[in-house]
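Presented below is the structure to which this report refers.
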Amino acid sequence: MTNEWPAASGDSPPPINRRAVLLGGAATVVTVLVPSASASARSGARAEATADVPIVPRSAWGAKAPEEDLTQYSWKPWDGGVVIHHKGGTDRWSPAENHNDCAAQVRDIQNEGMSGEGTDIAYNFVVCQHGVIFEGRGISFRSAANGAGEGAKIPGANEKYYAIMGLVGATSLPWGADDQPTGAMVAAIRNLIGHLRQHGSAGPQILGHRQVFDTYCPGTLYPYVTNGSLQPPAPPPDTSQPVAIIPRRQWGARPPVEVTRVALAARTGFTVHYSAGPTAMTPRQIQNYHMDGNGWSDVGYNFLVDAAGRIYEGRGWEVMGAHASGHNDTHLGACFIGSDGDVTPAVLRSMRALYNRANALTGKALAKTWHGGLAGNSTPCPGSQLRTWVQNGMNSDNVPAVTDPPPSSGGMGGGMTSVRSIGAQQQAVNQAGYTPGLVVDGLWGPKTDAGVRWLQGRLGVTVDGLWGPATEAAYLAKIKGSAPAGGMTSIRSVIAQQQAVNGLGYTPPLVADGFWGPNTAAGVRWLQDQLGVTADGLWGPGTEAAYQAYHDEGALLAVDGDFGPATIRATQRAIGTTVDGQWGPASIRALQRHLNTWSNASLTVDGVLGPGSVKALQRHLNTMVNSGLAIDGIWGYATVAALQRALNRAKF
């Protein structure tokens, strides 16, 4: 079969800028690839170096290119902060007396990591004894150094914490003082942490590697972690800089089941909500409840705002919400993640900033509304604090501007990623012969939209720019004979799927050879069943999002039906109460409130785990993870095992 495809147009690369950095003890101008505004928004960060904290870029120390697309991994450093590491191992290594040798040591660290299973240097930054900072993965991409799986003490440490390595060894080194961090190193790490908080959305925690993983690391740097030496001074609030909306891809959103677009001109109101849960909840947990508990196509809100004032893209500006009955196509819905009494000034600033941006985009003043004030919506949402604030005009001091995320499955209304990621759609369009080819950058824009529409026209399906099941089926039929022998590799290669299946404990383990066969298909289906997604053997965006959620937010519990300290702590984290591994009336009351909020259980919050509360829990587990429990009110092995599975999937 021959395929004939006409030509069309493609996207353009990001600009090249020049920046001064410190190299070899002197300021050197080097050429640095600076992401475009949309690329920076996708990764959730700005360029790596600023005038106050000079950083040696990858190009200056001779870094290899990563061996995989690091943007596929969700990155939420605001949920954690930084983890400090040391070089540790002393084989074939000694501290660099001459700073000109430090770049070679950073190259050695990258080479060592990539010679194994790593695809890049594992650290975000490396700091040498001379106080010079080397860019590793940088601000834009998650770490791979903090540890996961067996030995992990904090789930999702790579997703939530920058990894900073100090080039110091272990205390057993024979050359004495060189294994102790210098004042220059300590000052540079402290300045870097301040930089990451201001420009890289780093959270407030500064931890040693041993606090997130079972290890001795960071060795002689650990006292500096615990004594406050690495704590930067608190900067004054900066409301002069715009607030970047955190895009769906960065917070690990699942792809929507369907997308219904709404023109900005059709918007008439802006509605404020609250989640009525703990402030520690994540957008992904709320999305899981809306999709698995309510059966909705996506998270219900257009945007979400946490207690620190960070704004998360939900359905975005031009997609119909599911937040207020009768008003979803006319009103934009913004939800505060928290309960009445938790609202901070940062929340009010960001809510007002979103409202101002909505007015700018629609070209009119939208009605200021709250959920319970809309016709047909009898609810206490958004609580007395926010309701009073809206009634008094939504006023706030020092309101920043808002910059939009790159268009995605929500955002400004571009594309659909429930079947194929945007990057995979771009690849498919190019492979079909579209010329000039699209830039495969995972960003939706008018050129990518035109390319997908062109392909749909050639395939004879509806030309709407949305790559759904019909487009996928027609595309696979068109390329039949040249397609892979099985599976789906638009997100993960076959060998990466085999490794992931083995990593979850599949037995007997698959041979990781990169070849698709019935054993690999069975393994992927098994993994999908463990993750609670459709077990079709196709590793698409939905499977990828669930796999990342398992590692990043899942509890990683043994499913043994034992309600022991580890399971209790994971449950306490999920329901927003004190995490101490002790199950008592306070924890039970938090569970009852959780079930009332997220499962409409109507329980009396009395701290007694009676049959009524257990039945409500069983119904909730059946809804969220399809556990098939009998609603018998019996607290036993089956109920605890189902709870453990839900916690592992971050779907509780």
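The values are calculated or read from the model by the stated rules, or taken from the named source; none is laboratory data. Being a predicted model, the structure only gives us computed values, none of them experimental. As a convention, Cβ positions derive from the backbone with ideal geometry for all residues, glycine included, and neighbour counts pool all protein chains shown. The area values use the complete protein model at the heavy-atom level, side chains included, leaving out ligands, DNA and RNA. Shrake-Rupley method; radii C 1.70, N 1.55, O 1.52, S 1.80 Å.
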Any idea how far apart Ala477 and Val579 come out in nm if each label point goes 7 Å out from Cα toward Cβ? 5.0
Given contacts defined as C-alpha pairs under 8 Å and at least six residues apart, what's the relative contact order of the stretch 567-644, whole-number percent? 20
Please report the carbon-and-sulfur percent of the accessible area for the stretch 314-381; probe 1.4 Å, protein heavy atoms only, DNA, RNA and ligands left out. 51
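Assuming R0 = 51 Å, can you tell me the calculated FRET efficiency for the pair Ala104 and Thr435, based on Cβ-Cβ distance, to the nearest 0.05?
Efficiency, rounded to the nearest 0.05: 0.75.
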May I ask you to compute the full-extension gain from Asn519 to Ala266, defined as 0.36 nm times their residue separation minus their alpha-carbon distance, rounded to one decimal in nm? 86.0 nm
Taking the Cα centroid of the stretch 517-577 and of the stretch 357-395, what is the distance between the two, rounded to the nearest whole Å? 38
Which of the lysines could be linked to Lys87 by a straight reach, that is with a Cα gap under 24 Å, when you skip same-chain ones fewer than 8 residues away? Lys64, Lys153, Lys160
In nm, to one decimal, how far is the Ala308 label point from the Asn111 one, both placed 7 Å along Cα→Cβ? 3.7
Alpha-carbon centroids, the stretch 321-348 and the stretch 604-646: separation in whole Å: 29
Stretched fully, the stretch from Val559 through Asn626 gains (0.36 nm per residue minus C-alpha distance, one decimal, in nm) 22.6 nm
Taking the full set of protein chains and a 1.4 angstrom probe, give the accessible area of Thr577 in square angstrom, rounded to the nearest 10. 30
Please enumerate, by chain and number, the lysines with C-alpha under 28 Å from the C-alpha of Lys447, excluding those fewer than 8 residues away in the same chain. Lys478, Lys480
For Ser115, Ser229, write out the residues from largest to smallest accessible area, computed with a 1.4 angstrom probe and no ligands counted. Ser115, Ser229
Once you place label points 7 Å from the Cα toward the Cβ at Thr534 and Asp397, how far apart are they in nm? 5.2
Residue separation times 0.36 nm, minus the C-alpha to C-alpha distance between Ala187 and Asp214: what's the value? 7.0 nm
Surface accessible to a 1.4 Å probe, per residue, for the residues of the stretch 553-652, Å²: 43
